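Heads up, the thing below is written out as structure tokens.
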Amino acid sequence: MTAARAWNGPELVCPAGTPAGLRTAVDAGAHSVYCGFRDETNARNFPGLNFDRAELREGVAYAHQKGVKVLVALNTFMRAGEVDIWKRGVDDAVEAGADALILADVALVAYARKAHPKQRLHLSVQAAAATPEAIAFYRDRFGVARVVLPRVLTVEEIARLTANAAPCETEVFVFGGLCVMAEGRCMLSSYATGKSPNMTGVCSPPSHVTYREEGDALIASVGGFTVERFERDEPAGYPTLCKGRFQANGAVSHLFEDPVSLNAVELLPRLVDIGVTAFKIEGRQRGRAYVAAVVRAFRRAIDSMAAGGKVDVEELRTLTEGQRDTTGAYKKAWR
Amino acid sequence: MRGTIPLVLSRAASVLPLLPLELVSRRLLANAMAARPSFAARLGEHAGRTFAIDPLDCPFAFLITPGGDGVHVRVVRDLSEAAYDARIAAPLIVLCGMIDGTYDGDALFFSRDLRIEGDTGAVLALRNAIENAELDPSSVLGLPKPVHRPFNRATEFLFGQLRRALHAPEPSGGKAYLP
């Protein structure tokens, strides 16, 4: 483990889908970056993304040179009889100098703690730890230092959990694609495609996604199920079953709300007040231009807060999916 | 679509022969692959797929097959008779902006400035490999290292002017390839 620079304000945790993405996030002002190996051990196992072992070592060296921490996500669930790939991932991430491992499978957490007693461990959002009891179990039994909270909690629920979790830190998502389900427990992608973020690291795997133009409309399908039809000039989105538009009881609507992106920038001061340690930006699958813009904007917001200034809530709107955003469950605005 | 070149220029380009364009394209892609040898590895199982790169405002399209043994390029007048695994379509200036990192592909797709069809996995692999390659104009042109910085700066300025003139989408994050 390598000591990062001293930092007393909230930590900005940024996505690094590729080595170039890592350097972009570091240079744009990330306090830490998170990434994963190029296999099913992490929940962003998309084609062309992620790191091999040599790339991770180089990425860690680059980040540490600039005082930035590297968190390695091994946050899928191990397959019975084939657990070695996950254990090897833990060993290799530690060997590469990861500042923390982000884990979901309780057996992998146990392995990491036993094999690497001094390694800092974070609990992935995929573990869906949403009660004081669950967090206390991971904290007391395995020394988990931080828990990434599910995106289905309100700010008040986060406040209570954070107070109860101490000395375990809490981390919350503040920007990016919005998973509206309890992550780690959602089976919708498995139902439609046989693959899921939980086991294979992909929700709505691109191998099962198709786009078809029909006149001016764009038809999006996943696993053969048509889940969305975008009319001419209507903003498009990546098709997932949970964000599809369906007909039920004579009405056509989304299940929860439009497939907009999470943007909790206006809630940053409140989240700091209630003791949240780290703000996470989703988007390992996004390009360098996006990562640079979002990381810079959030870093400005955090620095502005630290200096007693205001947070600019407008500048990130153009980068959101569908170019519309939401505070998600944080304000309990969903129907 | 935003960023299309004027119709008169598009029509004028339709009389140009395809062979010189194909030869230049091969040279540029060979330069890019030589500058970024890990490119094909990042494509993984999608290396060897054929991508139709379709500049919607131009009277031609590119059929590109990147692989471990280099990259194969063919330029065609239209794609109706062509065989390919995936098609990526947008105005030329937008496609250029995706290569040099000016644009975020997802943002372009969400705003309907970019169209894709076919093998979505292959499209994502290509997009991510290009993102990681950090290609800049100097590398693609195979210029010597000492001129990279000034040439890239000049090119960024020119492309910025061109994007504004063509009312192309706003860049997603500003300077993508300049330190």
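Each value in this text was obtained by applying a stated rule to the coordinates, not by laboratory testing. Keep in mind that what you see is a predicted model, and the values were worked out from it rather than measured. Counting neighbours? That spans all protein chains shown, and the Cβs are built from the backbone with ideal geometry, glycine included.
Comparing A:GLU171, A:GLU231, A:GLU55, which has the greatest mean-square fluctuation in the GNM of chain A with Cα pairs linked when under 10 Å apart?
Sorting by GNM fluctuation, first place goes to A:GLU231.
For chain A, modelled as a Gaussian network with Cα springs under 10 Å, which listed residue fluctuates most, A:ARG286, A:ARG139, A:ARG185?
Result: A:ARG185 has the largest fluctuation of those listed.
For A:ARG284, B:ARG36, B:ARG163, A:ARG232, which order do you get if you count the other beta carbons within 10 Å of each Cβ and list the fewest first?
A:ARG232, B:ARG36, B:ARG163, A:ARG284
What's the average, rounded to a whole number, of partner chain beta-carbon atoms within 10 Å of each residue's beta-carbon in A:228-235?
Shielding by partners across A:228-235 averages 1.
Looking at region B:1-91, which GluC sites (Glu not before Pro) are DSSP coil and have at most 15 other C-beta atoms within 10 Å of their C-beta?
Those that pass, being in a loop and sparsely packed, are B:GLU81.
Past 23 Å, Cα to Cα, is the threshold; run A:LYS69/A:LYS243; A:LYS66/A:LYS310; A:LYS87/A:LYS280; A:LYS66/A:LYS114; A:LYS69/A:LYS280; A:LYS280/A:LYS310 against it and keep the listed order.
A:LYS69/A:LYS243; A:LYS66/A:LYS310; A:LYS87/A:LYS280; A:LYS66/A:LYS114
Taking the highest mean first, how do the peptides A:12-20, B:63-71 order by number of other beta carbon atoms within 10 angstrom per residue?
Highest mean packing first, the order is A:12-20, B:63-71.
In region A:251-302, which chymotrypsin sites (Phe, Trp or Tyr not before Pro) are in a loop and have at most 12 other Cβ atoms within 10 Å, using DSSP for the loop call?
Passing both the DSSP loop test and the Cβ count: no residue.
Percent antiparallel among DSSP beta bridges with both residues in chain B, to the nearest 5?
75 percent
Just want the ordering: A:LYS280, A:LYS114, from fewest to most Cβ atoms lying within 10 Å of their own Cβ.
Ascending Cβ contact count within 10 Å gives the list A:LYS114, A:LYS280.
Would you mind calculating the relative contact order of chain A from Cα pairs under 8 angstrom and at least 6 residues apart, reporting the percent as a whole number?
Relative contact order for chain A comes out at 20 percent.
Out of every Cα-Cα pair in chain B, what percent are more than 27 Å apart?
So the portion of pairs separated by more than 27 Å is 23 percent.
What is the mean number of Cβ atoms from other protein chains located within 10 Å of the Cβ atom of each residue in peptide B:124-137, rounded to a whole number?
Taking all residues of B:124-137 together, the mean is 5.
Average partner chain C-beta neighbours within 10 Å, per residue of B:94-103?
Counting other chains' Cβ atoms within 10 Å and averaging over B:94-103 gives 2.
Points 7 angstrom from Cα along the Cβ direction at B:LEU18 and A:TYR191: gap in nanometres?
Calculated label separation equals 4.7 nm.
For the protein assembly as shown, what is the mean residue ellipticity at 222 nm derived from helices alone (per DSSP H run of n ≥ 4: -39500 (n - 2.57); sum divided by total residues; nearest 500 deg cm²/dmol)?
Theoretical 222 nm ellipticity from helices: -10500 deg cm²/dmol.
Before anything else, pin down the relative contact order of region A:22-159: Cα pairs under 8 Å, at least 6 apart, normalised by residue count, whole percent.
19 percent
If I model a spin label at A:VAL83 and B:LEU162 as a point 7 Å from the Cα along the Cα→Cβ vector, what separation in nanometres do I get?
Those two pseudo-labels are separated by 5.6 nm.
If I model a spin label at A:ARG232 and A:ARG299 as a point 7 Å from the Cα along the Cα→Cβ vector, what separation in nanometres do I get?
With each label point 7 Å from Cα toward Cβ, the separation is 4.3 nm.
For region A:188-254, just say rounded, prolate or oblate: build the C-alpha gyration tensor, square-root its eigenvalues into a ≥ b ≥ c, call rounded for a/c under 1.5, and beyond that prolate if a/b exceeds b/c, oblate if not.
Oblate.
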